[in-house]
Amino acid sequence: MKSLNSQILRLAIPSILANITIPLVGLVDTAIVGHIANATAIGGIAIGTMLFDLLYWNFGFLRVGTSGMTAQAYGRGDRVECARLLSQSVGIALIGATLIWLIQWLFVNIVLMLVPCSAEVATFAREYFFIRIWAAPATLSLMAFKGWFIGMQDTVSPMITDIVVNVVNMVVSYVLAIYTPMGALGVALGTVTAQFTGLIVALILLLAKYRHLWKGLSPLRLAMDRQGMRRLLSLNGNLFIRSLCFMVVYVGFTSLASKYGDVELAVSTIMMKLFMLFSYFVDGFAYAGEALVGKEFGCREMESKDWNSDIGRVVRLLFAWSLGVGVLFTLLFAIWSEPFYHAMTSDTIVLSRLEDYTAWLIAMPIVSTLAFMWDGVYAGATAGKQIRNGMIYAALAFVMGYLITYQYVDVLSIYIAYFAHLAARVLYLTLAWKHTLAHFNIK
């Protein structure tokens, strides 16, 4: 038990340390805008971020799919497969970035026509988008690198990369927003600078630690391996559908909030930042789940052993650790919600409305911890169909939750819908786990 706990912590702690800086970036960006501008600028950042969510979440498979498949190849000791997976994932990332650049003008104008927001918010969001879009190749490639490092049982390399990206983002965004004529739009250029800096760091780490994997191999030839690409795309197809469902929920949350005015949009933006704050801690254990569960499934193909006991122990301990994080943040938000609000904005109207949502903030950690943890477990098992189905049901629950309640509770309906999606996701993934093990002939 001690040994397994040590493995989990060895993988989780570096991810947690890195992830701590991720919400700080969003918090700092929102805080910068919140203190130098008004609710319109905060809303513009929210809509601008949503535009990138619409694009980048569709490529979430670059991290999730790469992580699980690499962990299984690592468990089998398959050096060539490990090298091929990174080569193909980065290749897909660069093709995706090129596509994003080609459709950028059409995309942003169509989406802003469909999203209800004021003209001022739309103008700011459009300006923000056309600056930040230049980071697409680096952003998508970093998804592939992060998933690959995790699959290789290495969470230190993505920790270093994430910390560099997020520290550069915060510093450059602050300098550009406060000390240059760019103002609030400086946070967009700060993101571009940080993403390319992170990509350089990831390449340096790859060459320093894993150059031997490509000895005698051609990255280009590996990337064009048709059989391997079919396996990767088969999993990624299910994960792509999952990403679309995520968009229904997370983009829907922001889009629906915008219907209630700029103040409610600003409130929902801050609430979502705080909702997600604790998830970056839980994600450390989810990443450990991807690495360890994936490795177990890979090893199972090479040795004769009752792997169910090992997988079961990994899953139980992962949930124990993540639930502990959920309880901690529930207490934290219950005791110190107001300091979090004041750190995000000085707008008195927004602050007043935030206080009305404290109960939702307190309830969120425990409810969502299980959903995030199951995602990591299923990713390690490369159970693409189950991951896909879970998010389909979750998206339906979000839509139905809103449609059933919006006439009665007004803006609170979007929070009810968000909780409904989490509940549906947890229920399905919990019930499907035994069937998933049986599918892989694990008794």
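Taking helices (runs of 4 or more DSSP H) as the structural unit, those lying wholly within the stretch 273-377 and holding at least 1 residues that are over 22 Å from Ile414 (Cβ atoms) and of a type in the set (S, T, N, Q) correspond to 307-344, 348-354.
Scanning the stretch 394-415 for residues that are assigned to a helix (DSSP H, G or I) and within 17 Å of Arg353 (Cα to Cα) yields Val409, Leu412, Ser413, Ile414, Tyr415.
Exactly one residue out of Met170, Met113, Met152, Met182 is modelled with pLDDT under 95, more than 16 Å from Tyr56 (Cα to Cα) and within 22 Å of the chain's Cα centre (by Cα), and it is Met170. Out of curiosity, is Ala420 surrounded by 20 or more Cβ atoms within 10 Å (Cβ to Cβ) and at negative phi? Answer is yes for this residue. Would you check if Thr382 is assigned to a loop (DSSP other than H, G, I, E, B), among the polar types (S, T, N, Q) and either more than 30 Å from Lys434 (Cβ to Cβ) or at pLDDT 85 or above (or both)? Yes; evaluated as a whole, the condition is true for this residue. Of all residues in the stretch 207-221, those satisfying the criterion of being small (Gly, Ala, Ser) and either surrounded by 10 or more Cβ atoms within 10 Å (Cβ to Cβ) or part of a helix (DSSP H, G or I) (or both) are Ala208, Ser218. Screening Met224 on (1) among the aliphatic types (A, V, I, L, M); (2) surrounded by fewer than 15 Cβ atoms within 10 Å (Cβ to Cβ); (3) farther than 14 Å from Ser87 by Cα; (4) more than 22 Å from the chain's Cα centre (by Cα) shows it passes everything except condition (3).
For the stretch 101-113, which positions are free of Cβ contacts under 8 Å to residues at least 40 places away in the same chain and surrounded by fewer than 17 Cβ atoms within 10 Å (Cβ to Cβ)? Full working, then the answer.
Step one: filter the stretch 101-113 for residues free of Cβ contacts under 8 Å to residues at least 40 places away in the same chain, giving 101-106, 109-110, 113.
Selection gives Trp101, Leu102, Ile103, Trp105, Leu106, Asn109, Ile110, Met113.
Consider the stretch 296-316. How many of its residues are touching a helix residue (DSSP H, G or I) at 6+ places or on another chain (Cβ under 8 Å) and either modelled with pLDDT of 90 or more or among the polar types (S, T, N, Q) (or both)? Looking only at that region, the number is 1.
So, in the stretch 392-417, of the ones that are of a type in the set (Phe, Trp, Tyr) and either modelled with pLDDT under 95 or closer than 18 Å to Ser258 by Cβ (or both), which residue ends up surrounded by the fewest Cβ atoms within 10 Å (Cβ to Cβ)? By that ranking, first place goes to Tyr408. Against the conditions (1) over 21 Å from the mean Cα position of the chain (by Cα); (2) surrounded by fewer than 23 Cβ atoms within 10 Å (Cβ to Cβ); (3) over 20 Å from Gln7 (Cα atoms); (4) touching a residue at least 60 places away in the same chain (Cβ under 8 Å), Lys385 satisfies every one except (1). Does Asp225 satisfy being closer than 20 Å to Arg76 by Cβ and among the charged types (D, E, K, R)? Considered against the rule, which asks whether it is closer than 20 Å to Arg76 by Cβ and among the charged types (D, E, K, R), Asp225 comes out as yes.
Just checking, does the stretch 143-158 include any residue being in a loop (DSSP other than H, G, I, E, B) and of a type in the set (A, V, I, L, M)? Yes, the stretch 143-158 has at least one match. Restricting attention to the stretch 185-232, the residues being farther than 23 Å from Phe52 by Cα, in contact (Cβ under 8 Å) with a residue 24 or more places away in the chain and not hydrophobic (A, V, I, L, M, F, W, C) number 6. Taken residue by residue, the stretch 262-269 has at least one member that is touching a helix residue (DSSP H, G or I) at 6+ places or on another chain (Cβ under 6 Å), at pLDDT 85 or above and surrounded by fewer than 24 Cβ atoms within 10 Å (Cβ to Cβ). The set of residues in the stretch 1-33 being over 16 Å from the mean Cα position of the chain (by Cα), at pLDDT below 70 and in a helix (DSSP H, G or I) consists of Lys2, Val28, Asp29, Thr30. Leu94 falls short on exactly one of the conditions (1) buried (at least 24 other Cβ atoms within 10 Å of the Cβ); (2) in contact with a Ser or Thr (Cβ under 8 Å, 6 or more places away or on another chain), and that condition is (1). Residue-level check: of (1) of a type in the set (Phe, Trp, Tyr); (2) surrounded by fewer than 24 Cβ atoms within 10 Å (Cβ to Cβ); (3) at pLDDT 90 or above, Tyr287 misses just (2).
The values are calculated or read from the model by the stated rules, or taken from the named source; none is laboratory data. Since the model is a prediction, treat every value here as computed from it, not as a measurement. Note that each Cβ is placed from the backbone with ideal geometry, even for glycine, and that neighbours are counted across all protein chains shown.
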